[in-house]
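The values are calculated or read from the model by the stated rules, or taken from the named source; none is laboratory data. Just so it is clear, the structure is predicted and the values come from calculations on it, not from any experiment. Cβ placement follows ideal geometry from the backbone for every residue including glycine, while neighbour counts extend to all protein chains displayed.
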């Protein structure tokens, strides 16, 4: 019997890195957390852990996540700071762009008057 390792695919939604629960319970979890009470430090979660159904999974991050966020954070309206990996189920279902390159995001910014 082959052991299947579940994977939660990270995506940017409203300027936050999140992932859908791979168990299909329809929950979404933030992938960064505050390291309080030791201060306002923000820490990247090592594993996906669903607070709804308890599913745990590895997180698949895009290789260029910091560059993606750098371009998205230039957008003045948080609800426009979105990026989905190629063939992401949510993006496909709602006909949202997915698999965009850094250059694609820059061109999108420029088309909407956001400075490079």
So, of the residues in the range 3-16 that are surrounded by 15 or more Cβ atoms within 10 Å (Cβ to Cβ) and modelled with pLDDT of 95 or more, which turns out to be farthest from the chain's Cα centre (by Cα)?
8
Output for the range 96-116, where each listed residue is over 17 Å from residue 14 (Cα atoms) and assigned to a loop (DSSP other than H, G, I, E, B):
101, 113, 115, 116
Those residues of the range 62-88 which are crowded, with 16+ Cβ neighbours inside 10 Å and outside any helix (DSSP H, G or I) amount to 62, 75, 81, 82, 83, 84, 85, 88
